[in-house]
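A.B. asks: This is the structure I have questions about; it appears just below.
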Amino acid sequence: MQQPQLDLRVLQYFVAVAEELHFGRAAARLHIAQPSLSVQIRKLEHSLGTPLLIRTSRSVALTGAGDVLLGEAKRLLSAAQRAVSLTREAASGVRGTLIVGFQANAAAELTPRILAAFKNNHPEIHVQMRSFDFADPTAGLADGSADVAFVRPPLPATDWLAMETLFIEPRVLVVASSSRFAGLSEVSVEQVVDEPFVARKAPEKWRDFWLATQARDGQPVRLGTQVATVDECFEAILGERGIAFTQASTQRFYDRPGLSFIPVNDVPPSPLSIAWRTDVNDGLAREFVETARTLASFGGVPNLIDPHMPGTLPSSLQLN
């Protein structure tokens with residue numbers, strides 16, 4: 001039986017529909033007509049011999065086969081993009097690319113220093129910083145779209161992921177300046193436990209850490225809304241749809257009028273780690289890790305917590 005030929009363009013269409021779960025939004029994202037998009041997805045389903053989407057008049061959902069294809073399609077598209085980039089770089093004299101995944105403010109003030117030091121040692125290597133939303137706490141390592149990443153534990157336990165802590169910083173509470181908490185010098189979880197919170201659209205373990213569920217004595221979280229990025233989170237807070245915990249360095253990189261950042265006295269802090277895959281023999285990634293480790297040992301990030309202080313971090317954060 002002849003295997004169907006997969007068109008990367010059609011896979012890109014499918015990924016857009018699978019992520020949006022709405023043909024209209026996917027068509028707008030792709031800048032194509034919605035009827036044309038529907039036809040392409042139908043053709044893809046026909047060529048594969050299985051439904052990929054469950055369509056009703058009100059919703060679109062992935063089938064089991066569609067969910068599998070989504071993961072594989074993302075990997076194929078990432079590999080294709082990488083192949084194009086490497087080919088172009090080879091033609092221009094660049095000898096390689098290192099993709100560094102990150103979220104929010106990456107490694108705070110260390111980020112430009114690490115990049116500059118690595119570039120100084122490897123001028124022939126193009127370093128590409130790639131941002132990921134809350135849905136992927138591994139910042140691209142899980143699907144191979146990043147070679148190395150700045151991450152914030154806790155991450156899912158895997159046998160392919162290694163991490164090393166670069167620094168640890170407090171968490172703070174972010175509220176609208178109109179909030180009754182805005183003028184406080186510090187708060188506790190008990191004081192805000194009944195407030196609506198902005199939750200991250202993320203795997204449960206990571207989402208729960210940022211909601212401080214372990215510090216709530218079993219009281220359920222009251223959800224105000226869910227968001228995919230830091231910018232969306234702050235817009236929700238400004239719109240008074242909830243409050244949220246974040247790392248202290250976020251204030252220095254994302255502060256804006258109408259927000260207040262308040263120290264929290266009873267939640268574990270947030271470690272920032274450098275992470276890489278142990279199942280890939282990538283010398284450049286390991287050298288980037290070593291560069292980050294060396295520069296972190298000299299400090300340079302304000303308001304850090306001593307990692308050797310007893311009780312600083314729970315064992316669930318899996319620090320290395």
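A.B. asks: So Lys119 passes all but one of these: (1) of a type outside the set (Val, Ile, Thr); (2) surrounded by fewer than 20 Cβ atoms within 10 Å (Cβ to Cβ); (3) assigned to a loop (DSSP other than H, G, I, E, B). Which condition number does it fail?
C.D. replies: All conditions pass for Lys119, except number (3).
A.B. asks: For Ala28, all conditions in the list (1) in a helix (DSSP H, G or I); (2) within 30 Å of Val100 (Cβ to Cβ) hold save one; what is the number of the exception?
C.D. replies: (2)
A.B. asks: Then there is this: Just give me the residues in segment 191-217 being hydrophobic (A, V, I, L, M, F, W, C) and touching a Pro at 6+ places or on another chain (Cβ under 7 Å), in sequence order. First the steps, then the outcome.
C.D. replies: So the first thing to find is which residues in segment 191-217 are hydrophobic (A, V, I, L, M, F, W, C), and the list is 192-193, 197-199, 202, 206, 209-212, 215.
Correct list: Ala202, Trp206, Phe209.
A.B. asks: Can you run down the residue pairs with Cβ atoms below 9 Å, 6 or more apart or on separate chains, where the first is in segment 189-205 and touching a residue at least 12 places away in the same chain (Cβ under 8 Å) and the partner is among the charged types (D, E, K, R) and part of a strand (DSSP E or B)?
C.D. replies: Sorted first by the residue in segment 189-205, then by its partner, the pairs are Val193/Arg222; Asp194/Arg222; Glu195/Arg222; Pro196/Arg222; Phe197/Arg222.
A.B. asks: Can you pull out the residues in segment 133-162 that are surrounded by fewer than 20 Cβ atoms within 10 Å (Cβ to Cβ) and outside any loop (DSSP other than H, G, I, E, B)?
C.D. replies: Of everything in segment 133-162, just one residue is surrounded by fewer than 20 Cβ atoms within 10 Å (Cβ to Cβ) and outside any loop (DSSP other than H, G, I, E, B), namely Ala162.
A.B. asks: Only one of Val100, Val148, Val175 is among the hydrophobic types (A, V, I, L, M, F, W, C) and not assigned by TED's automatic domain parsing to the domain that holds Asp306; which? Full working, then the answer.
C.D. replies: On the way: Val100 fails: not assigned by TED's automatic domain parsing to the domain that holds Asp306; Val148 fails: not assigned by TED's automatic domain parsing to the domain that holds Asp306.
One residue alone meets the criteria, Val175.
The values are calculated or read from the model by the stated rules, or taken from the named source; none is laboratory data. Everything numeric here is computed off the predicted structure, so don't read it as measured data. Neighbour counts are summed over all protein chains in view; Cβ atoms, including those assigned to glycine, are modelled from backbone coordinates with ideal geometry.
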